[in-house]
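K.L.:
Quick one: the structure is below, questions incoming.
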Amino acid sequence: MTTSTTRAADPAASGPSITRGRPAASSSRSGSGGVGAERPSLVATGVLVLGALYSLIPIVWVLFAASKSADELFSTFTFAPSTFLLENVQDLFAYRDGLFLRWAGNTVLYAVGGALLSTLVSAAAGYGLALFDFRGKKLFFNLILAGVLLPAVILAVPQYLLFAQAGLANTYWAVLLPSILNPYGIYLARIYAGASVPREMIEAARTDGAGELRIFSRFAVPMMMPGLVTVFLFQFVGIWNNYMLPYIMLGDDSLFPITVGLSTLMNQGASQPAMYTTVITGALVSIIPLIALFLLLQKYWQSDLTGGAVKG
């Protein structure tokens, strides 16, 4: 009786049993926390997989549909492939003595030329807004933000009237010139220049006697390159997929890009059902350059992310 009472009252005697119980409770809590930490990652992975399927299913459908003949297109299962892909591609390129190739060349001209010029303008404007102080800077930047919020379709008709008065409607310039100024590209370039180009480096280069143009081209542009690649890609994809502007500006089908050209072929499908196969094959061919461009420019984003992780 006395011994048991002494043990119960003595903290030193009861200490070891309490100490042995604590790690077990702690490990059970950490284990449940680990399971809970895994669940959000599984949910995020599932959402990403669903998003990838949602994006890839139309591409898979276009690939399968382009492999079918005109009779099989509406009579067979949607996702059942066939063996007429090469024949459909040959018919596409042979249509009206290679008119699709002309449309593809026009699209490359509009997209590459417009995206390059737009990226250069965005880089210069973003660099100036981020690293120079001048009167009206805040007002100018607010106007740029307002341009980001303004839908491009609203400007299509006024732009056509301006180009018609200048005698530039139904020319290559009618599509190229409006693509050069991109408010969203300027906004991105301004944000990236402010984050990646240090003012100390600019001041040191000025102290060494370097001019502003040399500082911009030799120092600022390489530092802004990952951001400029993003601006170029966004503008390239936007011009490549643009339909409204060339549809309003152009009347000669030899100047059409792929979007407007395939639309004209689609309108002929009501009277010539075989044209649907040609349109689907043209859509398949038109997305190949976009996929290739994403794969080629991916290394710039990877290097940028790696550099950010090292800096962090």
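K.L.:
When the stretch 246-280 is examined, which residues are found to be in contact (Cβ under 8 Å) with a residue 24 or more places away in the chain, closer than 20 Å to D91 by Cβ, in a loop (DSSP other than H, G, I, E, B) and more than 27 Å from the chain's Cα centre (by Cα)?
P.N.:
Once the filter is applied, which keeps residues that are in contact (Cβ under 8 Å) with a residue 24 or more places away in the chain, closer than 20 Å to D91 by Cβ, in a loop (DSSP other than H, G, I, E, B) and more than 27 Å from the chain's Cα centre (by Cα), the stretch 246-280 yields only P273.
K.L.:
Go through the stretch 65-113 residue by residue and tally those that are within 13 Å of M275 (Cα to Cα) and of a type in the set (S, T, Y).
P.N.:
Of the residues in the stretch 65-113, 2 are within 13 Å of M275 (Cα to Cα) and of a type in the set (S, T, Y).
K.L.:
Being in the same structural domain as K138 (by TED's automatic domain parsing) and assigned to a loop (DSSP other than H, G, I, E, B): is that true of A210 here?
P.N.:
Considered against the rule, which asks whether it is in the same structural domain as K138 (by TED's automatic domain parsing) and assigned to a loop (DSSP other than H, G, I, E, B), A210 comes out as yes.
K.L.:
What number of residues within the stretch 78-93 are within 32 Å of the chain's Cα centre (by Cα), exposed (fewer than 15 other Cβ atoms within 10 Å of the Cβ) and part of a helix (DSSP H, G or I)?
P.N.:
The total comes to 2.
K.L.:
I'd like to check something: does the stretch 39-56 contain any residue that is modelled with pLDDT of 90 or more, hydroxyl-bearing (S, T, Y) and not in a helix (DSSP H, G or I)?
P.N.:
No; the residues of the stretch 39-56 include none that is modelled with pLDDT of 90 or more, hydroxyl-bearing (S, T, Y) and not in a helix (DSSP H, G or I).
K.L.:
I would also like to ask the following. Of the conditions (1) at pLDDT 90 or above; (2) aliphatic (A, V, I, L, M); (3) surrounded by 14 or more Cβ atoms within 10 Å (Cβ to Cβ); (4) farther than 29 Å from L86 by Cβ, A204 fails just one. Which one is it?
P.N.:
Of the numbered conditions (1) at pLDDT 90 or above; (2) aliphatic (A, V, I, L, M); (3) surrounded by 14 or more Cβ atoms within 10 Å (Cβ to Cβ); (4) farther than 29 Å from L86 by Cβ, the odd one out for A204 is (3).
K.L.:
Free of Cβ contacts under 8 Å to residues at least 24 places away in the same chain and either assigned by TED's automatic domain parsing to the domain that holds F216 or under 23 Å from the mean Cα position of the chain (by Cα) (or both), is that true of L145?
P.N.:
Spelling it out, it is not the case that L145 is free of Cβ contacts under 8 Å to residues at least 24 places away in the same chain and either assigned by TED's automatic domain parsing to the domain that holds F216 or under 23 Å from the mean Cα position of the chain (by Cα) (or both).
K.L.:
Kindly list, by first and then second residue, each pair from a residue in the stretch 76-94 that is outside the structural domain of A274 (by TED's automatic domain parsing) to a residue that is basic (K, R) and exposed (fewer than 15 other Cβ atoms within 10 Å of the Cβ), limited to pairs with Cβ atoms under 9 Å and residues at least 6 apart or on different chains.
P.N.:
If the second residue must be basic (K, R) and exposed (fewer than 15 other Cβ atoms within 10 Å of the Cβ), no pairs are left.
K.L.:
Okay, next question. With of a type in the set (A, V, I, L, M, F, W, C), outside any helix (DSSP H, G or I), surrounded by 14 or more Cβ atoms within 10 Å (Cβ to Cβ) and touching a helix residue (DSSP H, G or I) at 6+ places or on another chain (Cβ under 7 Å) as the only criterion, which of L168, L176, L129 stands out?
P.N.:
Exactly one residue qualifies, and that residue is L168.
K.L.:
In addition: Anything in the stretch 132-158 that is under 18 Å from A195 (Cβ atoms) and part of a helix (DSSP H, G or I)? List them, or say none. Talk me through it step by step, then tell me what you get.
P.N.:
Keep residues of the stretch 132-158 that are under 18 Å from A195 (Cβ atoms), which gives 132-133, 137, 141, 144-145.
Within the stretch 132-158, K137, F141, I144, L145 meet the criteria.
K.L.:
For L262, are the conditions met, namely being surrounded by 20 or more Cβ atoms within 10 Å (Cβ to Cβ), more than 30 Å from I191 (Cβ to Cβ) and touching a helix residue (DSSP H, G or I) at 6+ places or on another chain (Cβ under 8 Å)? Give the derivation first.
P.N.:
Details: surrounded by 20 or more Cβ atoms within 10 Å (Cβ to Cβ): yes; more than 30 Å from I191 (Cβ to Cβ): yes; touching a helix residue (DSSP H, G or I) at 6+ places or on another chain (Cβ under 8 Å): yes.
So L262 passes the test.
K.L.:
Sticking with this structure for a sec: Which number in (1) exposed (fewer than 13 other Cβ atoms within 10 Å of the Cβ); (2) in contact with a Gly (Cβ under 9 Å, 6 or more places away or on another chain) marks the one condition that A146 misses?
P.N.:
Failed condition: (2).
K.L.:
So which residues in the stretch 102-126 are buried (at least 19 other Cβ atoms within 10 Å of the Cβ) and either on the phi > 0 side of the Ramachandran plot or over 22 Å from the mean Cα position of the chain (by Cα) (or both)?
P.N.:
Listed by number, the list holds a single entry, W103.
K.L.:
Only one of (1) touching a helix residue (DSSP H, G or I) at 6+ places or on another chain (Cβ under 8 Å); (2) part of a helix (DSSP H, G or I); (3) not charged (D, E, K, R) fails for L161. Which number is that?
P.N.:
The failed condition is (1).
K.L.:
Sticking with this one: Would you check if M249 is touching a helix residue (DSSP H, G or I) at 6+ places or on another chain (Cβ under 8 Å) and more than 25 Å from Y110 (Cβ to Cβ)?
P.N.:
no
The values are calculated or read from the model by the stated rules, or taken from the named source; none is laboratory data. This is a predicted model, so every value here is computed, not measured. Counting neighbours? That spans all protein chains shown, and the Cβs are built from the backbone with ideal geometry, glycine included.
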